[in-house]
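Participant: One structure follows; several queries about it will come next.
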Ligand SMILES: [Zn+2]
């Protein structure tokens with residue numbers, strides 16, 4: 001999904017921080033690498049990593 005409407009908001013350089021979160025899908029744990037801005041908390045990107053070793 002790409003909701004990138006340019007609304008009126010102060011422009012700043014996103015301070016991207018990468019966090020690894022563990023999500024579960026159909027009972028299977030997945031590790032997700034989530035990049036978000038530590039400033040505005042905007043999620044910049046998300047990509048699934050390989051399945052977490054149980
Ligand atoms: Zn930001």
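Participant: Using a basic spin-label model with each label point 7 Å from the Cα along Cα→Cβ, how many nm lie between residue 30 and residue 11?
Facilitator: 3.4
Participant: Using the per-residue mean of other Cβ atoms lying within 10 Å as a proxy for protection, in what order, highest first, do the peptides 20-28, 33-41 fall?
Facilitator: In decreasing order of mean packing, 20-28, 33-41 become 33-41, 20-28.
None of the figures in this text is laboratory data; all of them are computed from the coordinates on show. Here the structure is a predicted model, which means the values were calculated and not measured. With ideal geometry, Cβ positions are generated from the backbone for all residues, glycine too; neighbour counts draw on all protein chains shown.
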